[in-house]
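Since the structure comes first, as C-alpha cells, the remarks are kept for the end.
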Amino acid sequence: MGKLQIDFSDSVDLLLTAEHRDSYNGGQPQIPTVVSDPDRRAAIGEEALSDIFKINQDRQTQANIENSGFIADLTWRLSDALLFKSITNYRQWFSDIDQDIDASPATATNTLNIPAVHIPRSNLNPNSDSEEPIVDKLNYASQEFRFDLSNDSVDWTFGVFYQDYNEDQLAEVALYLKDTFFAQEAGVSLPLATGEYFGYTTTPEAYMTIETMSAYSDLTWHALNNLDLFAGYRYTQEEGGIDHYRRDVVVADVPTCFSTTATKATFTPDALGCVPVVNDTTEFSADSSIGEWSARAGISWFASDAINFYATWARSFVGISFDPGRTTTQERAILEPSTSEAIEVGIKSELFDNRLRLNADVFLQETDNLQVSRLIPGTIDTEAFNAGLIESYGLELDFAWQVSNRLRIDGAMTWVNSEFGSLVQPCYVGQTEGQGCNIDNSGQGSPNAQDIAGSQAIDTPEISYSISGRYEVPLEEQPYNIFATAGWSWQDDTFFQLNHDPMSTQEAYGLLDMTIGITDRSERYQVVLFGKNMLGQEFVAQAGETDGVIGRVYVRTPREAQRYWGIKARYTFF
C-alpha cells in the first residue's frame, strides 16, 4: 500500500491511495467427521474422521487471491463552514480456487469404491489451464461527490453516488459417479443399478452487472445546547443483470464418450457413437430494476457533559443480488432486495473524570426478504434465495475502564433473540415427524419439509461477551514501555444450516488470547509476542451435511481453533 498527499493550496488537497495484495493460502478444506457410507469411511479412515484438524484427501485445498485498488480523495474547503469532497474509487479482485470436493483420497483411477469421486477438471472447463477450476473475477468503479456544511446550528451533508459493478464467475464440478448415486447428485435416474461409474460434469458461467445511482442528505440540528435532532434520507436506483450459461453432461465410461486420468477427464458427448445420458445446455439472461430508500431519524439528549441519551429509527436495504450457481433458473437468478427497520434506544456515558466509558442500548429489528445461501441437503450444491421475515431484539453493553495509569479493562456483551418467521425448509437427514418434519412438499405422500418458524437465526449466538485487560509498565530510564494483555471471549450455541440440523451446530465455547510486548513512547515501533487460543479450545467455523458426497457431517476448521503463538513487529516511518 502507498499513500501520497498533495497540497495544492491551503484549501485544496488530494490524498492518493493505491494498494495491491497477492495471497496464497490453503483455505479451509471440507473435513468429514460423520460418514454413513462404509466404503467412504474405510477410504478416509477413522483417524482422520475423529480429528477436526486432520484430512485424508488426494488434493490440497488452495486459494489464490489478487486484490488491487486505487482511491483519489479530493478535499476543497470552500469556506470555514462548507467543505466539498470528491472520492473516486476503483478496485479489481481475482480469485481461483481448487478443492477436493469429495474430501477423500479417492481418484477417478482409484475410486476406493466410494459413490462420488471428484475429478479436478475436464476438457469442458471454461477456465484456462493456468487457472484453478473455480474462478471469480470482479471489478467496480465508483464516484461520490459530497458537500459538508457545519455551523453552530446544523451539520448538513448532501451528495450523490455512482457505482458500476461487474463480476464473472466461471466454474466446473466434474465427478465420477456410481449409477446408484445419480438420482441424488446429478438428478438422473438410470434403469439399472449395476455399481458402474459414469462421468458427470456441469460448467456454470455467470456474468453479473449492477449499476447503482443514489442521492442522499443527512441533517443534524442542534436545537438546544444539550439537544440534537437528526434525520437523513437516501434514494437508490439499481439496474442489475445476469447472463448465465451452463452445460450438463452425463456419459457412460466408454471410449467413445469418456476417458479420465486422476486429474483430468475428457468428455466427448457429441462424438460419433456416443449416446450421452445427459447432454444439456442451459442459457438465459435476466435483469431487474429497483428503486429503494433508506432513512434514519432520532434524538440525542445530553443530560450532562458526561451522559448522552439517544433514540433512533432507521430503515435500510440490501439491493440486487444473484444466485449464479449450477442449480439456478431464470426465475430464481435474481433475488429481491431485503429491507430492514430498526429502533434503538441507548445511553453513552463518560464517568469518573472520563476514566470509565459505559454504553448500553436496546434494539428491535425486523428484516423482510432476508437474502441467504443454503446448502441443498444431500448434495454439494448451494443456492441463494429470499428467506422471508426475521425478527430480532436484544441488548448491547460495552465499557472501557482506565483503572489506573497502568491498567485498562475493556468489555462488551450482547444478548439477541433472533427468530425466523414462517419459512418452509427441507428436513435434515433422519428428522422425524415428531421433530418437525411434517410437511409433504413434494406431493408424493410422505413428509420431506418443515416450517422453521420461531427457530433461531443462523450464525447468530444468543449470548456473546468479551473482556480484556492491558497492563503497561513504563521504564523510566528506557525509551520504551513493556505491556501485557489478556482477553477472554465467549459465545453461545450457533446453528449453521437453515434446516437446524442438530449435527451441524457449534456448541458454546470461549477463547483466551494473551500478549506481551514493548513499544516506544512515541509509538513508532512495537514488538509483540502473542498467543492465540491459549486453552486449546476446539471449534468449527462452519458445519453442514452432504450425505453421500462428503459425509453426514463435514466441518471447516479455522486456524483460531488451535493454540498458536508468534511474534509480530511494526514500524511507522512517518
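Six or more apart or on different chains, Cβ under 6 Å: which pairs go from a residue in region 242-270 that's among the small types (Gly, Ala, Ser) to one that's surrounded by fewer than 17 Cβ atoms within 10 Å (Cβ to Cβ)? Could you list them?
What qualifies is 259/266; 262/109.
Filter region 135-167 down to the residues that are touching a His at 6+ places or on another chain (Cβ under 9 Å), open to solvent by 50 Å² or more (accessible area, probe 1.4 Å) and either free of Cβ contacts under 8 Å to residues at least 24 places away in the same chain or of a type outside the set (S, T, N, Q) (or both) and list them by number.
Listed by number, the residues that qualify are 152, 155.
Can you give me the number of residues within region 325-349 that are farther than 25 Å from residue 416 by Cα and surrounded by fewer than 18 Cβ atoms within 10 Å (Cβ to Cβ)?
6
From 446, 455, 422, grab the single residue that is open to solvent by 50 Å² or more (accessible area, probe 1.4 Å) and within 32 Å of the chain's Cα centre (by Cα).
When all the criteria are applied, what remains is 422.
Being open to solvent by 50 Å² or more (accessible area, probe 1.4 Å), farther than 20 Å from residue 326 by Cβ and under 25 Å from the mean Cα position of the chain (by Cα) is the filter here, so list the residues in region 238-288 that pass it.
Passing the criteria: 239, 287.
Tell me which of these residue 475 doesn't satisfy, since it passes every other one: (1) modelled with pLDDT of 90 or more; (2) surrounded by fewer than 15 Cβ atoms within 10 Å (Cβ to Cβ); (3) of a type in the set (A, V, I, L, M); (4) out of contact with any Pro (no Cβ under 9 Å at 6 or more places or on another chain).
(1)
For residues in region 30-60 being in contact with an Asp or Glu (Cβ under 7 Å, 6 or more places away or on another chain) and closer than 19 Å to residue 547 by Cβ, which is surrounded by the most Cβ atoms within 10 Å (Cβ to Cβ)?
57
Do any residues in region 372-396 that are under 22 Å from residue 428 (Cβ atoms) and modelled with pLDDT under 80 have Cβ atoms under 6 Å from those of residues that are among the hydroxyl-bearing types (Ser, Thr, Tyr) and buried (at least 16 other Cβ atoms within 10 Å of the Cβ), where the two are at least six apart or on different chains, and which pairs are they?
Qualifying pairs under 6 Å: 380/546.
Under the condition of being over 28 Å from the mean Cα position of the chain (by Cα) and at pLDDT 95 or above, which residue from region 405-419 is most open to solvent (accessible area, probe 1.4 Å)? Reasoning before the result, please.
Within region 405-419, the subset over 28 Å from the mean Cα position of the chain (by Cα) is 405-409.
From the residues that got through so far, the ones that are at pLDDT 95 or above too are 407-409.
Numbers: 407: 50, 408: 90, 409: 41 Å².
Here the residue is 408.
As an exercise: evaluate residue 65 against (1) in a strand (DSSP E or B); (2) within 22 Å of residue 555 (Cα to Cα); (3) open to solvent by 30 Å² or more (accessible area, probe 1.4 Å) and give the number of the one condition it does not meet.
(2)
Among (1) part of a strand (DSSP E or B); (2) open to solvent by 70 Å² or more (accessible area, probe 1.4 Å), where does residue 518 come up short?
(2)
Taking the criterion of being free of Cβ contacts under 8 Å to residues at least 60 places away in the same chain, closer than 30 Å to residue 373 by Cα and of a type in the set (D, E, K, R), would at least one residue in region 318-328 satisfy it?
Looking only at region 318-328, we keep the residues that are free of Cβ contacts under 8 Å to residues at least 60 places away in the same chain, and these are 318, 327.
Applying the additional criterion that residues be closer than 30 Å to residue 373 by Cα yields 318, 327.
Those still in the list that are of a type in the set (D, E, K, R) too: none.
No, the conditions are met nowhere in region 318-328.
So, restricting to strands (runs of 3 or more DSSP E) that lie completely within region 355-396, which ones have at least 2 residues that are open to solvent by less than 40 Å² (accessible area, probe 1.4 Å), in contact with a His (Cβ under 9 Å, 6 or more places away or on another chain) and under 24 Å from residue 335 (Cα atoms)?
Once the strands (runs of 3 or more DSSP E) in region 355-396 are filtered for at least 2 residues that are open to solvent by less than 40 Å² (accessible area, probe 1.4 Å), in contact with a His (Cβ under 9 Å, 6 or more places away or on another chain) and under 24 Å from residue 335 (Cα atoms), nothing remains.
For region 495-515, which positions are assigned to a loop (DSSP other than H, G, I, E, B) and among the β-branched types (Val, Ile, Thr)?
Taking region 495-515 as the starting set, the residues that turn out to be assigned to a loop (DSSP other than H, G, I, E, B) are 496-504, 507-508.
Listed by number, the list is empty, since nothing qualifies.
Restricting region 182-211 to residues that are surrounded by fewer than 21 Cβ atoms within 10 Å (Cβ to Cβ) and touching a Gly at 6+ places or on another chain (Cβ under 7 Å), which is modelled with the lowest pLDDT?
Step by step, filter region 182-211, then rank; the result is 184.
Considering each residue of region 430-443, count those that are open to solvent by less than 60 Å² (accessible area, probe 1.4 Å) and within 21 Å of residue 543 (Cβ to Cβ), and give that number.
Residues that pass the stated criteria total 3.
If I ask for residues that are of a type in the set (Ser, Thr, Tyr), open to solvent by less than 70 Å² (accessible area, probe 1.4 Å) and farther than 20 Å from residue 251 by Cα, which ones from region 106-134 would you list?
Across region 106-134, the qualifying residue is only 128.
What is the residue count in region 308-324 for residues that are open to solvent by less than 30 Å² (accessible area, probe 1.4 Å), over 21 Å from residue 284 (Cα atoms) and not small (Gly, Ala, Ser)?
Of the residues in that region, 1 qualify.
Those residues that are polar (S, T, N, Q) and in contact (Cβ under 8 Å) with a residue 40 or more places away in the chain, I need them from region 502-525; list them, please.
Within region 502-525, just 504 meets the criteria.
Would you mind listing the strands (runs of 3 or more DSSP E) fully within region 419-494 where at least 2 residues are closer than 30 Å to residue 528 by Cα and not β-branched (Val, Ile, Thr)?
463-474, 480-491
The values are calculated or read from the model by the stated rules, or taken from the named source; none is laboratory data. Quick caveat: nothing in here was measured; it's all calculated off a predicted structure. Because the Cβ atoms are built from the backbone with ideal geometry, glycine has one as well, and the counts that use them run over all protein chains shown. Areas reflect the complete protein model, heavy atoms only, side chains present, ligands, DNA and RNA absent. Shrake-Rupley method; radii C 1.70, N 1.55, O 1.52, S 1.80 Å.
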